[in-house]
Amino acid sequence: MTGPNALQTVRVDAWLWSIRLYPTRSAATAACKAGHVRVNGSSAKPAHPVRAGDTVRARTIAAERTVIVVSLVEKRTSAALAILNYEDRTPAPQAGDERPAPFVRDRGAGRPTKRDRRRVEQLRGRA
């Protein structure tokens, strides 16, 4: 959108929510406050302004995402329209980055054995 009503800057938390990197605006705000969002290499508070061309790195539940701002939006849009507002530069996951499956025990299976305890400690990184 160009013209007198075009947006010059948008809050980073609102932009991250509107392009669907975070499911809620409060989740985007919490991520900014926790230091999980960086704009052009520096840590960003929720009200930090974002402009077209900025690089935004956000740590989500799934992975660390790196996106470049193409256009600014304040309102949440459909997923098909949201991907038009950023360019995804997230590196592809490497083969060794997979996490092992969590250790699950059946309910009522009794007391864990030494073998079970060792497996749990190995998953936690203590062994």
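The values are calculated or read from the model by the stated rules, or taken from the named source; none is laboratory data. All of these numbers come straight from a predicted model, not from anything done at the bench. Positions of Cβ are generated from backbone atoms using ideal geometry, with glycine treated the same way; all protein chains shown enter the neighbour counts.
Assorted remarks:
- Some residue of the stretch 11-24 being out of contact with any Leu (no Cβ under 9 Å at 6 or more places or on another chain), surrounded by fewer than 19 Cβ atoms within 10 Å (Cβ to Cβ), closer than 14 Å to Lys75 by Cα and not charged (D, E, K, R): yes
- Arg57 passes every criterion in (1) over 22 Å from Leu81 (Cα atoms); (2) modelled with pLDDT of 95 or more; (3) touching an Asp or Glu at 6+ places or on another chain (Cβ under 9 Å) apart from (1).
- Arg115 vs. criteria surrounded by fewer than 10 Cβ atoms within 10 Å (Cβ to Cβ), modelled with pLDDT of 85 or more and not β-branched (Val, Ile, Thr): yes
- Arg51 being free of Cβ contacts under 8 Å to residues at least 12 places away in the same chain and either out of contact with any strand residue (DSSP E or B) (no Cβ under 9 Å at 6 or more places or on another chain) or under 14 Å from Val10 (Cα atoms) (or both): no
- Residues of the stretch 35-46 classified as modelled with pLDDT of 95 or more and of a type in the set (A, V, I, L, M, F, W, C), total: 2
- Boolean, Ala82 is surrounded by 15 or more Cβ atoms within 10 Å (Cβ to Cβ), without any contact (Cβ under 8 Å) to a residue 12 or more places away in the chain and either assigned to a loop (DSSP other than H, G, I, E, B) or small (Gly, Ala, Ser) (or both): no
- Filtered residues of the stretch 6-44 (kept if among the hydrophobic types (A, V, I, L, M, F, W, C), over 19 Å from Thr90 (Cβ atoms) and in a helix (DSSP H, G or I)): Ala14, Ala30
- The number of residues in the stretch 45-62 that are out of contact with any helix residue (DSSP H, G or I) (no Cβ under 9 Å at 6 or more places or on another chain), in a strand (DSSP E or B) and not basic (Lys, Arg) comes to 1.
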